[in-house]
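Written out below as structure tokens is the structure these notes cover.
The values are calculated or read from the model by the stated rules, or taken from the named source; none is laboratory data. Not measured: the values here are computed from a predicted model. Cβ placement follows ideal geometry from the backbone for every residue including glycine, while neighbour counts extend to all protein chains displayed.
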Amino acid sequence: MNTKFEVKEMHLEKAISRLNNIHWSSVGTAANIENADLGYEFLRRLACFFKERQLTPKPPGLSNIADLLGDAEGEIELSEYCSSEAIQFLNGDPNVQRMIKYYLQLARYAEKNSDAQQYLTVYDPLITIIEREGLFSITLREFVVKNGGSYPLSGWYERFIEKTPLDISNLK
């Protein structure tokens with residue numbers, strides 16, 4: 001008897017668990033300047049994604065990786081995945097809400113498209129900022145890590161494509 005066992009990746013389940021374990025009422029209260037390193041690493045990883053996939057870079061706040069990879073299912077409805085505490089916070093912060101949707105959409109897409117799973121790490125620094133009670137804001141002009149610094153987004157891709165990776169494992 002031939003039995004084929006498939007190991008189903010649980011990217012979406014892990015992403016949901018990670019988000020729902022955040023103490024959303026404390027987000028934005030940390031004054032940790034190391035969060036700026038997480039912002040740097042997000043921009044570097046995003047630049048690497050565009051280079052690797054040979055795509056024209058988009059502004060970081062509009063870089064929905066799942067869409068760029070061809071996800072046809074569309075946008076995530078947060079109420080299907082996030083706790084009421086998360087929803088309440090995210091409804092008040094459209095910048096963070098958009099990035100959380102992108103993260104969840106990519107996790108959902110990676111369930112069926114294993115080549116996409118490697119790109120979940122692009123959003124990881126942003127989630128880590130929030131887990132550490134930090135906060136960020138991404139506009140078309142700048143990426144700001146509250147109490148950590150800001151990165152002008154004019155020419156961001158050219159500035160970050162050749163940057164050295166930072167070890168952010170000790171920042172979690």
LEU69 vs. criteria out of contact with any Leu (no Cβ under 9 Å at 6 or more places or on another chain), modelled with pLDDT of 95 or more, among the aliphatic types (A, V, I, L, M) and on the phi < 0 side of the Ramachandran plot | no
Output the residues belonging to segment 17-70 that are among the charged types (D, E, K, R), touching a residue at least 40 places away in the same chain (Cβ under 8 Å) and not in a helix (DSSP H, G or I).
-> GLU34
